[in-house]
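See below for the structure under consideration.
The values are calculated or read from the model by the stated rules, or taken from the named source; none is laboratory data. Owing to the predicted nature of the structure, the values given are computational and were not obtained by experimental measurement. Neighbour counts run over all protein chains shown; Cβ positions are idealised from the backbone, glycine included. Quick note on the areas: whole protein, heavy atoms, side chains included, nothing else; ligands and nucleic acids left out. Shrake-Rupley method; radii C 1.70, N 1.55, O 1.52, S 1.80 Å.
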Amino acid sequence: METRANPTQAWRFGVFEVDARTMELRRGGTPVKIREQSFSILVFLLEHAGKLVTREDLRRVLWPSDTFVDFDHSLNTAVMKLRETLGDSADAPLYIETIPKRGYRFIAPVEAVGTGNGQVISEGVVSDATVIDTPASNVLPPRKKRSVGILLACGIFLLLVGAGWFVYERWRANVPASLVQRSLTRLTFDDGLQSGATWSPDGSYIAYSSDRGGKFDIWVQQVSGGDPIQITKRPSQNIQPNWSPDGKYIAYRSEEGDGGIYVIPALGGAGLERKIAPFGYDPQWSPDSSQVLVRTHFTALGYSNRFYVARLDGSSPREVLAEFIARNNLWGTSAAWHPDGKRITVWVGSSSPTPVFWTVPLAGGPGVELAIPAAVQKELAEASGETKASLQLGEYRFLWSPLGDAIYFVRGYRGARNIWKLTVDPGTLRATGIDRLTTGPGPESALAVSADGKRLAFTAGSQRIQTWLFPFDAKIGQIKGSGNAITSPGRTSIGPKLSPDGMKVAYQVPYGESYGPAFGDVRNEVWLKSLVDGSDAPVIAGDGYSRWGPLWSPDGMQLFYERKNLRTNERQLMVWSGQTHEEEPLVAPNNLGTPYQLSRDGKWLLTYKPTGLWLVPFPSPQHVETVAKSIASNPAYQLFQPHMSPDGRWIVFEAVTNPPNPESALYVIPASGGPWTRITDGQHWDDKPRWSPDGNTIYFVSRPGGFFNVWGVRFDPSTGKTVGQPFQISKFDSQRLKILEAIPYVGLSLTQDKLVLTMSQDSGNIWVLDNVDQ
């Protein structure tokens, strides 16, 4: 590696700015103290952003052998201090990735300023921009330049301070909100994940959930500093705290028993917690502290959330918004109290990059859609570029400002999930402007605004969504090793499918934000990973189509998937040949649902849509609906994930109901149709049923305890009934490595000796952004 990869001397990444000439690091415009050696390492990494910088590179450039002895210790310390300054983590890095035994790589997007030719280089793309630059002849060594700068500053300070202050005050009085300087402060520094911050009414404390004790509990901490206090201490996972406006209680989600919403005195107390709802997630107190709003689902699923309000008196939660959502055929993702306490605002899923909000009276009646002018919609549309794969999963969090003059929300744009502020006219519910409050790589989540409306707390995190391969014995149902990721950490991969011979994995790569419940709402590519030679590439790329939902032919020589023309929205079922590497269209049973599995003899295609399961002759004739076989349907259920047993006699599938406590249970029916046999209790969201190669075990994922894990249940093909109780196979119970929470995007696939899963590695800390009301 060359000593200096490019002539740039100033960079921007996330909320940080670096100027090598003045040896300054700034966060959100505010100078940050940093050790000289750590700063030198940061500059060198930025000069080689995206590339491996070896430990020897750093030693040669920063610590010449003739002047340095204990290089390893000093480098490790300097990198550790650098990460602390940036709020980074070695386990789940946002900025600096450790390459074991080799060195480091700067992995965040970097905007390089000062190329010497009047241009800015950003993520490898050159575009015109104003730059910070200095002729090479005028550049002093950093130490000398800093000394000269100090002397010059002292000499002119007294002359300029009065005039400068006068000009600043006049500018500040007229500055647009988008140019207001906002300071950013980090509140937590633990490894793992701290999330769900909520403010005390006076703004001096925050409560949040943290896994610092080995599992999630609720903690309270002074904003000004000091040690946090653990509030919940029972053995279950406890998350999503919300502080009541009167300051008396904290409501939270607990996984104890079958799970539900609990309240506890704000300063804790053993045995004082009590359950106020037997179901629900994301509790939110009403402005008068009399009710708690909850949603039914733990994540954004492929159909609408439902919303309830619970009281402290132990009465049954009451559903709200149901009539409005049903009457308008909407997909409700999340909801929040309007500041007046008489209305609730719901975020409606749509295929647009512009969020859709409806505000509805709590007592019922017509709602009002938030009017968003064309200029704001255009800004959001332009921001939602496809520069990087970044499907943002499970986060539709938003909230109102206390005065009702703004909505804060999280959304993914251009590869980063950031916080946005939509200013609103409280009287007309019409948006008047849009402001991007954070610009880091994200993901950012779990917003909370202080009671005075001036400060916004949130979690700045790191999330990797990859396909993992585990050695597996499908006959006995045992994972035989720790497994490893087989897809790139910089590329989101979902829905993996192992080929029948176990030598290849097909998976899906989404680009951009998922705005609705269907994969087709974003651009997708189907990729193919060889487990033999390690090759990894899209089957077809860059041709104006979106492809998703790959499935293998029984001989493993072909892939079937759906394809959508991004210009005309036309959808087709395609077949791709592993020999010619070309695709051809098939007659797609569009009116009979999503293709899901080809029978072993290749004559029948198993399809589904929420209203039923079908067996379709393959290849499909023109009038396929006249010869297709309806296998299962029931208006009380939505049906998903059908799989045919290896002997072709049975079909296992997922059936979802949506009562106050939504259930997802697994059933088995004869392949020719007939009575349903329930094989799981459905209390913990059972999903992704898959057969073992011998047909004697059904594997699936389930969520008891708050984390998805792989489970199995024995099956007798001769009787069509299960044998014994379900048994747990995996033990993922940490944010450091877990099955992805956004279950619609999870893939589970297996052969006799392999198991692949969609896994997520999450971490993050809580930060506070000031002056968000300006």
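When the residues of the range 560-585 are narrowed to those that are modelled with pLDDT under 90 and of a type in the set (Lys, Arg), which ends up surrounded by the most Cβ atoms within 10 Å (Cβ to Cβ)?
The extreme case among them is Lys564.
Which residue out of Lys497, Lys529, Lys475 is within 25 Å of Gln638 (Cα to Cα), modelled with pLDDT of 95 or more and either open to solvent by 10 Å² or more (accessible area, probe 1.4 Å) or out of contact with any strand residue (DSSP E or B) (no Cβ under 6 Å at 6 or more places or on another chain) (or both)?
Result: Lys497 is the single residue among Lys497, Lys529, Lys475 that is within 25 Å of Gln638 (Cα to Cα), modelled with pLDDT of 95 or more and either open to solvent by 10 Å² or more (accessible area, probe 1.4 Å) or out of contact with any strand residue (DSSP E or B) (no Cβ under 6 Å at 6 or more places or on another chain) (or both).
Looking only at the range 615-647, which residues are closer than 20 Å to Pro554 by Cα, at pLDDT 90 or above and either surrounded by 14 or more Cβ atoms within 10 Å (Cβ to Cβ) or under 30 Å from the mean Cα position of the chain (by Cα) (or both)?
Once the filter is applied, which keeps residues that are closer than 20 Å to Pro554 by Cα, at pLDDT 90 or above and either surrounded by 14 or more Cβ atoms within 10 Å (Cβ to Cβ) or under 30 Å from the mean Cα position of the chain (by Cα) (or both), the range 615-647 yields Leu615, Gln641, Pro642, His643, Met644, Ser645, Pro646.
Could you grab me the full set of residues in the range 400-417 that are of a type outside the set (Ser, Thr, Tyr) and modelled with pLDDT under 95?
If the condition is that a residue be of a type outside the set (Ser, Thr, Tyr) and modelled with pLDDT under 95, then Phe409, Val410, Arg411, Gly412, Arg414, Gly415, Ala416, Arg417 are the ones that fit.
Please count how many residues of the range 529-587 are touching a residue at least 12 places away in the same chain (Cβ under 8 Å) and of a type in the set (Gly, Ala, Ser).
The total comes to 9.
Which residue pairs have Cβ atoms closer than 6 Å, lie 6 or more positions apart in sequence or on different chains, and pair a first residue in the range 280-300 that is on the phi < 0 side of the Ramachandran plot with a second residue that is open to solvent by less than 20 Å² (accessible area, probe 1.4 Å) and of a type in the set (Val, Ile, Thr)?
From residues that are on the phi < 0 side of the Ramachandran plot, the pairs are Pro283/Ile261; Pro283/Val292; Pro283/Val294; Trp285/Val292; Gln291/Val309; Leu293/Val309; Val294/Ile261; Ala300/Thr333.
Given the criterion of a type in the set (S, T, N, Q), under 14 Å from the mean Cα position of the chain (by Cα) and open to solvent by 10 Å² or more (accessible area, probe 1.4 Å), identify the matching residue among Ser734, Ser763.
Testing whether each residue is of a type in the set (S, T, N, Q), under 14 Å from the mean Cα position of the chain (by Cα) and open to solvent by 10 Å² or more (accessible area, probe 1.4 Å) leaves just Ser763.
Please work out which one of (1) assigned to a strand (DSSP E or B); (2) under 22 Å from Ser209 (Cα atoms); (3) over 17 Å from the mean Cα position of the chain (by Cα) is the condition Asp435 fails and give its number.
Single failed check for Asp435: (2).
Determine whether Lys275 is under 27 Å from the mean Cα position of the chain (by Cα), among the basic types (Lys, Arg), closer than 22 Å to Pro704 by Cβ and surrounded by fewer than 24 Cβ atoms within 10 Å (Cβ to Cβ).
So Lys275 does not fit the description; no.
Only one of these conditions is not met by Ser351: (1) under 30 Å from Glu273 (Cα atoms); (2) touching a Phe, Trp or Tyr at 6+ places or on another chain (Cβ under 9 Å); (3) surrounded by fewer than 22 Cβ atoms within 10 Å (Cβ to Cβ); (4) modelled with pLDDT under 85. Which number is it?
Evaluating Ser351 over (1) under 30 Å from Glu273 (Cα atoms); (2) touching a Phe, Trp or Tyr at 6+ places or on another chain (Cβ under 9 Å); (3) surrounded by fewer than 22 Cβ atoms within 10 Å (Cβ to Cβ); (4) modelled with pLDDT under 85 leaves (1) as the failure.
Consider Thr428 against the criteria (1) part of a loop (DSSP other than H, G, I, E, B); (2) crowded, with 22+ Cβ neighbours inside 10 Å: it satisfies all of them except one. Which criterion is unmet?
Condition (2) is where Thr428 drops out.
Every residue, every condition in (1) surrounded by 17 or more Cβ atoms within 10 Å (Cβ to Cβ); (2) of a type in the set (Gly, Ala, Ser); (3) over 16 Å from Phe470 (Cβ atoms), yes or no:
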residue	(1), (2), (3)
Pro689	yes, no, yes
Asp694	no, no, yes
Ile698	yes, no, yes
Arg703	yes, no, yes
Gly712	yes, yes, no
Lys721	no, no, yes
Gln725	no, no, yes
Ser730	yes, yes, no
Ile743	yes, no, yes
